[in-house]
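**Q** Below is one structure. I have some questions about it.
The values are calculated or read from the model by the stated rules, or taken from the named source; none is laboratory data. Just so we're clear, the structure is a prediction, and the values are computed from it rather than from any experiment. Positions of Cβ are generated from backbone atoms using ideal geometry, with glycine treated the same way; all protein chains shown enter the neighbour counts. Note: areas computed on protein heavy atoms with side chains; ligands, DNA, RNA excluded. Shrake-Rupley method; radii C 1.70, N 1.55, O 1.52, S 1.80 Å.
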Amino acid sequence: MRQEKPKGPISYRERLYQDPQSLANVVGVAAVREGGSLVGYRVSPGQDQAQFTQLGFKAGDLVKSINGIDLTSPANTMRLYNAMRSASEAVFEVERAGQPVTLTVSLADTTQ
């Protein structure tokens, strides 16, 4: 499994909790189902394509978990929300072109 770290410090946690809609400027998200079961979320660049790329994502990545929380279960939504409130980083497990990739994004309060 490859592990990739995006370039440059990124500060998102406070901005996202103050304005969750700001995430839509960076990334588009669509649920992906196979055989009626949720298998993850397909991501695509939002209006801010440069920021999307800086995060380490590529169009078409299928996000399967964040910080070890399985995204194939809708029951984990609140668990993920609560975990991310105090997280200093987000570790995304994605499937890219059929291969597993890990992306680590700093959520520390630093300037961009």
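**Q** Tell me which residues, restricted to the range 85-106, are more than 20 Å from R33 (Cβ to Cβ), touching a Leu at 6+ places or on another chain (Cβ under 9 Å) and either part of a loop (DSSP other than H, G, I, E, B) or open to solvent by 30 Å² or more (accessible area, probe 1.4 Å) (or both).
**A** Result: A87, S88, E89, V91.
**Q** Which residue out of Y81, Y17, Y12, Y41 is open to solvent by less than 30 Å² (accessible area, probe 1.4 Å) and at pLDDT below 95? Walk me through how you get there before you give the answer.
**A** Working: Y81 fails: open to solvent by less than 30 Å² (accessible area, probe 1.4 Å); Y17 fails: open to solvent by less than 30 Å² (accessible area, probe 1.4 Å); Y41 fails: open to solvent by less than 30 Å² (accessible area, probe 1.4 Å).
Testing whether each residue is open to solvent by less than 30 Å² (accessible area, probe 1.4 Å) and at pLDDT below 95 leaves just Y12.
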